[in-house]
Amino acid sequence: MTQVIDRRLNGRNKSAVNRQRFIRRFKAQIKRAVTDAVSGRSIVDIDNGEKINIPARDMSEPVFQHGTGGRREAVHPGNTDFVKGDRVKRPPDAAGGQGGKASDSGGGEDDFAFQLSREEFLELFFEDLALPDLVKTQLAKLVDFKSVRAGHTSDGVPTNINVVRSLRGALARRIALRGPHMKRLREVNAELTALQPATGEDDEEPDTRALELEEEVRHLKQRIESIPFIDTFDLRYNNRIKQPKPTTQALMFCLMDVSGSMDAVRKDIAKRFFILLYLFLKRNYEHIEVVFVRHHTSAKEVDEEEFFHSRETGGTVVSSALQLMHEIIRDRYPSTEWNIYAAQASDGDNWDNDSTKCRDLLMSKIMPCLQYFAYVEITPDAHQSLWQEYERVAGAYGNFAMQQIEDPQDIYPVFRELFRKRVT
Amino acid sequence: MTRNVITEGSEWTFELIGRYDREIARIAQNYGLDTYPNQIEVISAEQMMDAYSSVGMPVNYHHWSFGKEFLGVEQRYKRGHMGLAYEIVINSNPCIAYLMEENSMTMQALVIAHAAYGHNSFFKGNYLFQTWTNADAIVDYLLFAKNYIAECEQRYGEQEVELLLDSCHALMNYGVDRYKRPSRLSADQERRRQKEREEYRQFQVNDLWRTLPVRDVAESAQDEQRFPDEPQENLLYFIEKNAPLLQPWQREIVRIVRKVAQYFYPQRQTQVMNEGWATFWHYTILNTLYDEGLVNDAFMIEFLQSHTNVVAQPPFNSKFYSGINPYALGFSMMSDLRRICEHPTDEDRHWFPDIAGSDWIKTLDFAMRNFKDESFIAQYLSPRLIREFKLFSVLDDDAQEQLEISNIHDDRGYRYIRQSLADQYNLGSREPNIQVYNVNRCGDRSLTLRHTQYSRRPLAESAEQVVRHIARLWGFTVRLESVMEEEDKVDLVHECKIEH
């Protein structure tokens, strides 16, 4: 009559569809919350989930209800000292004696809060953005293998012998095989010692028994000794298997002008831009290396700390940085294995004659190796020669993008603009 | 006493659940509980959250509001703001009861007694459930609904279906014929007749609007007879049958929401009774298990601790107070009924001459079958219980500056308080009374609804949005008027104009 069923193995995410629909329906509000979150907290720790608040009125499900007012009577339990006809002050806002009412009129204007997972958060954050030119990644995906540990096997090459494992096995085998003989040996010895006192001086008859036993002791010892110390059976080899390693590795160049005209505010803007790019790449590649190149009249590869914080002065020769970048790619990061992205931030100043050189370098050497080159010019002023030369590069290469940023609010829109999904 | 306990431990196994179930079934049968066959399903906490957000049903159509519910439950559960219920039970045949895997053996036994025998027999016996729901067909019907709506989504777009469902959900509480018995529900027939119905309904609607005379709106609206002849309380039904612009599939979806609303209608009216009945029976059954020596003291202590929490009623001035606890009131009333039958006092003989001293099993069974919360309280709330709960009634009249204590638990107040509490459970007074009043058939096809005020209570602000939902379904202008109870005055409260 009763049937008991174990449903625990059934799917757990029955509500997944409804949850998705909820997020889709309130996408506008959720995105607003995401954007607020981005501007609210430092971009550095953007890589987390986010608690999203949506005003309850935006997502209420209205029904006909009684409003406040009119005449109503409610019964409550736990009277202490009221008697009929008592008059009491109306409690503020449905507390105490009006508890029943509170649940009637229901609702309240609290925000509806819930947690977006990190993935959902970044998904919304990077929505509409797609990596330009993923073709190479696709092709290169299965070229590389990495070898990973995978336990032990019973055959292999001698270099892979695992000594500890093998000897442990050998020991166990020796104990196991010796066991019955040792037991018998103990018994025989016991019998022998029991015989000796009894046989005493001149009895001849038991001698044969003692001899028999001694013979058996000898035999047993021989058996025990003949168990080999190590057998091929004991050998264990470290096992390694090869796993395909997708080339989801990217290299990101951060190029920045650190000449005197780049003040702290501009550097901060540049930094935020680089961080955005870094996060963006992190979503698409397992492994990312970042190379920081700073330059004034000459370029230098530095670490992150120095990149953003040390100050230098002097003129500006942009081509020095591009030259260095080219050398780094050539020496260390073959473009067949790396998806290379570059982001350059500058205030637009450059040594006049140098700008054409920059264009040549980009056109002839650098752009062919790159997935994408994004140039941001952080300046409220008019463009100079570098911008004009870069415009020609942009004309020739679809994966070269440039934008102007004036203050921090511009970063996100510009970033989106640079990495907009390309309709091809 | 000799004890032959089923188990000493607190871990449950499927075998133990089976043994407890057999013992509980035997005892329940001795007490005359008539139940549907049981289907007990063990689920995990996540699955319980899933079940919560689809109003406990094993299958349901997809809608964002269930997702919202899920996110809310998940958030509160993860932060420890709420625990999950130990069980959910579904009014179906076989009766499906979910047990959480986290429960101890004692809790599982409690839940089996509570849900699989208490609620189950209530579902099978109570007249409201027998009239309004069809336990044999509900799961199949929901499956039909889910598939049909999914099909509509594919054909007409998720967006379109979602908007329609939003509007229907806004009227869910107005999708029931309160006084007319509905026809029985069968998924098979639904499928067979759905096509037929589609064509027929469209034909009817077309007929209604076909002879549209070209006349001046102002002069015609007056002398025409009203349509419908009498006000209609079932707004969803009226829309399904008469909304001029709805497509056949849209009418079908309106119907689905209406049917689901109807299925839940008895549950909203029998909360105190249903929980009281189930609680009374788990209490009685588990005590019988103890008397028979099948469970030990540890079992009883754990059970009583949980039981006491469930039936706790904080007083009005406690910070934990949030209205009257239906478990507490229901359990006390059921236990009190048994007491009146077995050990009546003079007071009981005076108040309940026909049941005092009668067979308690029969009396309780009669009460369970033939009442809903409102009438149950009006019939059976005893003076003794009013005293025990120290009930008092508070009159809140916005014309008065202060609240008035209208009556307390004394001789003069018993009847008043009993009636007042019963009214509190009357759906008619809990929800605003809104009915279809007129359709302008000769003019702009506008729909007029009338809200008849109850005790001068106005409508909450949300009414404006609901009117907009109705306008979406109706396709033409919708007006909502409010009628004062005493003054016979009609006010236009909201209007949603749609121009064509």
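Any idea how far the Cα center of the range A:292-312 sits from the one of the range B:234-255, in Å?
Taking the Cα centre of the range B:234-255 as reference, the centre of the range A:292-312 is 71 Å away.
Please report, in debye to the nearest 20, how large the charge dipole of the range A:246-418 is about its Cα centre when each Lys and Arg carries +1 at its beta carbon and each Asp and Glu carries -1 there.
460 debye
Which distance in nm do the two modelled labels at A:Ser335 and A:Ile161 give, with both placed 7 Å along the Cα-to-Cβ direction?
5.1 nm
Summing Lys, Arg as +1 and Asp, Glu as -1, what charge do residues with Cβ under 14 Å from the Cβ of B:Asp348 carry, B:Asp348 excluded? Please report the intermediate quantities before stating the final value.
On the way: positive: B:Arg338, B:Arg339, B:Arg349, B:Arg384, B:Arg387; negative: B:Asp336, B:Glu342, B:Asp346, B:Glu347, B:Asp354, B:Glu388.
Overall, the nearby charge balance is -1.
Choose one of B:Ala367, B:Phe389, B:His343: the residue whose Cα lies farthest towards the positive end of the charge dipole of the range B:311-428 (beta-carbon charges +1 Lys, Arg; -1 Asp, Glu; about the Cα centre).
B:His343
With +1 assigned to the C-beta of every Lys and Arg and -1 to the C-beta of every Asp and Glu, and no other charges, what is the dipole magnitude of the range B:431-496 about the Cα centre in debye, to the nearest 20?
Dipole of the range B:431-496, to the nearest 20 debye: 340 debye.
Rounded to the nearest 500, what is the 222 nm mean residue ellipticity of chain B from helices alone, with -39500 (n - 2.57) per DSSP H run of 4+ residues and division by all residues?
Value at 222 nm, helices only: -16500 deg cm²/dmol.
Which whole-angstrom value gives the distance between the alpha carbon centres of the range B:299-320 and the range B:93-126?
Using only Cα atoms to place each centre, the spacing works out to 20 Å.
First check a/c for the range A:246-418, with a ≥ b ≥ c the square roots of the eigenvalues of its C-alpha gyration tensor; if it is under 1.5, answer rounded, and if not, answer prolate when a/b is larger than b/c or oblate otherwise.
Judged from the Cα gyration tensor, the range A:246-418 comes out rounded (a/c under 1.5).
Can you find, among A:Gln222, A:His181, A:Gly169, the residue sitting farthest towards the positive end of the charge dipole of the range A:158-238, where Lys and Arg contribute +1 and Asp and Glu -1 at Cβ?
A:Gly169
Compute, for chain B, the length of the dipole vector about the Cα centre, with Cβ point charges of +1 (Lys, Arg) and -1 (Asp, Glu) only. Units Debye, rounded to 20.
The calculated dipole for chain B is roughly 820 debye.
What ranking do B:Arg3, A:Arg19 get, fewest neighbouring Cβ atoms within 10 angstrom at the top?
Lowest to highest Cβ neighbour count: B:Arg3, A:Arg19.
Which Cα, out of B:Leu459, B:Ser482, B:Cys496, lies furthest along the positive dipole direction of the range B:431-496 (beta carbon charges, K/R +1, D/E -1)?
Sorting the options by dipole projection puts first B:Cys496.
Under 1.5 on a/c is rounded, so check that first for the range B:42-115, then, if it is not, pick prolate when a/b is larger than b/c and oblate when it is not; a ≥ b ≥ c are the square roots of the alpha carbon gyration tensor eigenvalues. Can you show the working numbers first?
Numbers: a/c = 2.78, a/b = 1.25, b/c = 2.23.
In terms of gyration-tensor shape, oblate.
Using DSSP, restrict attention to beta bridges with both residues in chain B and report what percent are antiparallel, rounded to the nearest 5. Show your work: numbers first, answer last.
Numbers: 20 of 32 bridges.
Close to 60 percent.
From the Cα gyration tensor of the range B:431-496, with a ≥ b ≥ c the square roots of its eigenvalues, which class applies: rounded if a/c is under 1.5, or else prolate if a/b is larger than b/c, or else oblate? Before the final figure, lay out each step's value.
Details: a/c = 2.55, a/b = 1.49, b/c = 1.70.
Because a/c hits 1.5 or more and a/b fails to exceed b/c, the range B:431-496 counts as oblate.
What net charge is computed for the residues neighbouring B:Leu473, neighbours being all others with C-beta under 11 Å from the C-beta of B:Leu473, Lys and Arg scored +1, Asp and Glu -1?
Net charge around B:Leu473: +1.
Counting Lys +1, Arg +1, Asp -1, Glu -1, what net charge surrounds A:Lys84 among other residues with beta carbon under 10 Å of its beta carbon?
Net charge in that neighbourhood comes out at -2.
We did not get these values from a lab; they are worked out from the coordinates using the rules stated. Quick caveat, the model's predicted, so the values are computed rather than measured. Heads up, the Cβs are rebuilt from the backbone with ideal geometry, glycines too, and the neighbour counts pull from every protein chain shown.
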